[in-house]
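Following: one structure in structure tokens, then a few remarks.
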Amino acid sequence: MTETRSPSSSAAARSVFFFGSFGGILAGYDQGIAAGSLLFLTPALGLTPWTKGLVVSSLMFGAILGSLVAGSLAERWGRRPILQLGAAVFGVSAIGMALAPSVAVLVAARVLGGLAVGIASVVVPTYLSELAPTRNRGGIATLNQLMIAIGIFVAYVTSLALSPWGAWRWMLGLALVPSLLLLFGVSRSPETPRWLVAHGRDEEARRVLRAQLGEDEAASVLADIRRTKDAEPEQDRARWRELLTPALRRPLLVAVGLALLQQFIGINTIVYYAPTILRAAGFGDSAALLNSVGLGALSIITTLITARVVDAVGRKKLLMIGGTAMLLSMSVLAVLFGAELLAGTAGATGAVLCLAVFKVAFSLSWGPLMWVLLPEQFPLRVRTLGVGVGSFVNWTGNLLVSQFFPVLLVFGAGAVFGIFAGFAALALVFTFFCVRETSRRSLEDLELAG
């Protein structure tokens, strides 16, 4: 007879997944707060289009470095302690941003914050996937994107609340709060059973699985993990070059393609520059921030829906549906800006609706599912290294888009949005031909299937 988990056990499991995903808030808040604070940073520090892009993109420089080192560290020391390290680094960054006397210091502090964000972007998706039961792994892994969306939303609300005073230092400094919450939450969370088994700590893995799944299911899952581990070649440590072996080339291609296209579709032009875009559409500063708050709330609601349906509907189908909607919304934005149709209420309303459709489509598909799919592509032995490569590519794409979007606007927003529409079309083709369905299959089954 299958053992039924107690309510307290279920509550403990939910707490683990909640705090395990909390690292996403670091990325969300630090990205979102750039959008609101830019309105006040620009006159306060005399930002030019280039230095404005540098302030925004400096986060990505650190995130690129963080994503490169996080995989090796998490393979050696475990997922949990590296998340704690990221939380501590992020707290130091928040204090530095709040006290920054110049653009140079502000950029340095955001690079440090990016280091923590890069670490979280590798470890959080892996941590959630390795802890989650197969039946709802997609929904639990989606919590990462949900927390990113919540972080962005909180950043927008904070910017709106502090905008009457132009208090950009407070906007940036309040990033200390999520870092402290993450540090507290992870200290009460377990290591993943799959990492524990990989390092010969089977009894600890059994205790973690028992707390999450109950005795019978825990024994079955532990046996699967051991079987997969025994099938792997005995080597001292995972090496980066293993990702280039013939067996891993296709998973690596899928990871890189998903990570790059997620950024080149243009999401972070909206995350970082939504107030700027809306102001160009005729809204005042406060109205632009208020509309951004609405877009952030919409993203949270849609991501919650995704978490509920992703395991039933499937990853690939949602990627196709969302990609089609993003293609259409970016195409309409390109026409509105390119043909200068924003004057008047109709044009401005159309721009807001396009942004809303894009945010909904992204939050339904490419936003959360890229992070769900990355850990599912790679075997346990090199999982965080593979996710690290995907995260590195993702943040590099993020950097390119955020740095050059303000500069490219001199050629016209219509042309830029047209380019993003082209990448959305490419994303549809890539999904159709390259992405396999991974719903309702355990990580061990996916690994053995190759």
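The values are calculated or read from the model by the stated rules, or taken from the named source; none is laboratory data. Because the structure is a prediction, the values reported are computed rather than measured. Note that we place each Cβ from the backbone using ideal geometry, even for glycine, and neighbour counts take in every protein chain shown. Just the protein is used for accessible areas: all its heavy atoms, side chains included, with ligands, DNA and RNA removed. Shrake-Rupley method; radii C 1.70, N 1.55, O 1.52, S 1.80 Å.
Modelled spin-label separation between residue 92 and residue 184, with each label point placed 7 Å from Cα along the Cα-to-Cβ direction: 2.3 nm. Could you tell me the distance between the Cα centroids of segment 101-142 and segment 351-387, to the nearest Å? Measuring centre to centre over Cα atoms gives 13 Å. Given R0 = 22 Å, the distance between the Cβ atoms of residue 230 and residue 436 translates into a calculated FRET efficiency of 0.35.
Which FRET efficiency value, to the nearest 0.05, is calculated for residue 45 and residue 199 with the Förster distance at 56 angstrom and r the Cβ-Cβ distance? Can you show the working numbers first?
Details: r = 47 Å, r/R0 = 0.85.
Once rounded, the FRET efficiency stands at 0.75.
With N counted as the residues of segment 295-412, its alpha-carbon radius of gyration over 2.2 N^0.38 Å works out to 1.26. Look at the alpha carbon pairs under 8 Å that are at least 6 residues apart: their mean separation over the length of the chain gives a relative contact order of 26 percent. Relative intensity of the chain on a log10 scale, I(q)/I(0) at q = 0.09, 0.12 Å⁻¹, equals -0.54, -0.95, per a Debye sum over C-alpha point scatterers of equal strength in the absence of solvent. Applied to segment 114-122, the Karplus parametrisation 6.51 cos²θ - 1.76 cosθ + 1.60 on θ = phi - 60° returns per-residue 3J(HN,Hα) values of x, 4, 5, 5, x, 4, 5, 5, 8 Hz, with x for Gly and Pro. Residue separation of residue 247 and residue 76 scaled by 0.36 nm, minus their Cα-Cα distance, works out to 59.3 nm of gained length. Ranking of 331, 442 by solvent-accessible surface, largest first: 331, 442 (1.4 Å probe, protein heavy atoms only, all chains present). Exposed loop sites are taken as GluC sites (Glu not before Pro) in a DSSP loop (any state but H, G, I, E or B) with at most 14 other beta carbon atoms within 10 Å; the longest stretch of the chain without one runs 4-233. In the chain, excluding the sites themselves, the longest stretch lacking any of the trypsin sites (Lys or Arg not before Pro) that are in a DSSP loop with at most 16 other Cβ atoms within 10 Å is 240-435. Solvent-accessible area assigned to carbon and sulfur over segment 393-438 amounts to 87 percent, based on a 1.4 Å probe. Rolling a 1.4 Å probe over the heavy atoms of the protein chains gives the chain an accessible area of 38 Å² per residue.
Which length gain, in nm to one decimal place, applies between residue 404 and residue 449 when the Cα-Cα distance is subtracted from 0.36 nm times their residue separation? It would help to have the intermediate numbers written out before the result.
Values: separation 45, 0.36 × 45 = 16.20 nm, distance 4.09 nm.
Length gained, residue 404 through residue 449: 12.1 nm.
With 0.36 nm allotted per residue and the present C-alpha distance subtracted, the residue 239-residue 170 stretch has 20.6 nm of extension available.
Report in % the part of the accessible area of segment 52-124 that belongs to carbon and sulfur, leaving out ligands and nucleic acids; probe 1.4 Å.
Details: 1740 of 2160 Å².
It is 81 percent, rounded to a whole number.
The distance between label points at residue 207 and residue 135 comes to 2.6 nm (points 7 Å beyond Cα on the Cα→Cβ vector).
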